[in-house]
Amino acid sequence: MYGNVLPESIAKRLETELTYIQKHEYAVYYWISRCMVRYMNDSGYYVGAHGSVGSVLVAFLLEISDTNPLPLYYYCPQYHYIDFKATALDGFDLPDQVCPVCGCPLKSDGHNIPYETFMSYDGSKMPDIGLIFPVSKQYNEFAFMQELFGVNKIAYAGAIATLQERSAEEYISDYEAKTGDYFTEEQRSYICKKLCGIKQRVDGLYPAELLFCRKG
């Protein structure tokens, strides 16, 4: 993206992040995330990365996140011309410019997010890389991870909610309204107690997680 010789500011930022990642032995978290995203992308699906992982340049270059944390800039993907002198609130807000080398329209990017947002000031914060996969394809991702690491090394942890008293009361009221059969207070109390604690299916952004077991 930036050519064989990186601009000094990018090289320095990348070196700092990689030093922290290596020092705290966090490289495997980024590698696993990269594998998961690549598998889903190759299957034709987009993976969203939420949270502050977008502040890490390494995550952007590995295509884990599509948020570029660098200061806003213009760049030419063909001749690797880059200009960090641009001024605006965000890279996407930069006015159109042409490349002084080839005359083609320049691309613009950069959201100016410090890596400390995700990694902390000393880089010691445990990576919390949140990836959002299509619900219908989560089992495919799980099977891929099992194939990659081994069946005994991956666990599928689902988010399970139980029926609470308020919801149980609503179910009872809905039943009464639809059927015309009404319960006494004693009957309602009994049914409500029986309903409370029943497991419910949960759909949403975080329906499940994959747990990786270390050797030994």
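The values are calculated or read from the model by the stated rules, or taken from the named source; none is laboratory data. Remember, it's a predicted structure, so these values are computed and weren't measured experimentally. Neighbour counts run over all protein chains shown; Cβ positions are idealised from the backbone, glycine included.
What to note about this one:
- Output for region 105-153, where each listed residue is modelled with pLDDT under 90 and touching a Cys at 6+ places or on another chain (Cβ under 6 Å): 153
- Any hit, region 29-48, residues being of a type in the set (S, T, N, Q), outside any strand (DSSP E or B) and either closer than 22 Å to residue 10 by Cα or outside the structural domain of residue 4 (by TED's automatic domain parsing) (or both): no
- Residue 101 being part of a helix (DSSP H, G or I), modelled with pLDDT of 90 or more and hydrophobic (A, V, I, L, M, F, W, C): no
- Cβ-Cβ under 7 Å pairs, at least 6 apart or on other chains, region 51-70 side free of Cβ contacts under 8 Å to residues at least 40 places away in the same chain and in the same structural domain as residue 6 (by TED's automatic domain parsing), far side surrounded by fewer than 22 Cβ atoms within 10 Å (Cβ to Cβ) and among the aromatic types (Phe, Trp, Tyr): 62/30
- Within region 95-112, residues that are within 18 Å of residue 9 (Cβ to Cβ) and aliphatic (A, V, I, L, M) sit with their Cβ atoms under 6 Å from residues that are modelled with pLDDT under 95 and in a loop (DSSP other than H, G, I, E, B), at 6+ positions apart or across chains, in these pairs: 106/76; 106/97; 106/99.
- Search result, residues across region 2-28 that are in a loop (DSSP other than H, G, I, E, B), at negative phi and not polar (S, T, N, Q): 2, 5, 6, 7, 24, 26
- Any hit, region 20-39, residues being surrounded by fewer than 20 Cβ atoms within 10 Å (Cβ to Cβ), acidic (Asp, Glu), over 22 Å from residue 125 (Cβ atoms) and out of contact with any Asp or Glu (no Cβ under 7 Å at 6 or more places or on another chain): no
- Counted residues, region 130-162 - those being part of a loop (DSSP other than H, G, I, E, B) and crowded, with 16+ Cβ neighbours inside 10 Å: 1
- Among residues that are over 24 Å from residue 91 (Cα atoms) and under 19 Å from the mean Cα position of the chain (by Cα), residue 124 is not included.
- Positions within region 97-129 being surrounded by 14 or more Cβ atoms within 10 Å (Cβ to Cβ) and aliphatic (A, V, I, L, M), in sequence order: 106, 113, 119, 129
- Among (1) part of a loop (DSSP other than H, G, I, E, B); (2) modelled with pLDDT of 85 or more; (3) loosely packed, with under 11 Cβ neighbours inside 10 Å, the one test that residue 204 misses: (2)
- Residue among 59, 88 that alone is in a loop (DSSP other than H, G, I, E, B), aliphatic (A, V, I, L, M) and closer than 19 Å to residue 9 by Cβ: 88
- Here residue 42 meets each of (1) within 29 Å of residue 23 (Cα to Cα); (2) over 14 Å from the mean Cα position of the chain (by Cα) with one exception, condition (1).
- When residue 92 is tested against the conditions (1) free of Cβ contacts under 8 Å to residues at least 12 places away in the same chain; (2) under 29 Å from residue 133 (Cα atoms); (3) of a type outside the set (Val, Ile, Thr); (4) not assigned by TED's automatic domain parsing to the domain that holds residue 118, the lone failure is (1).
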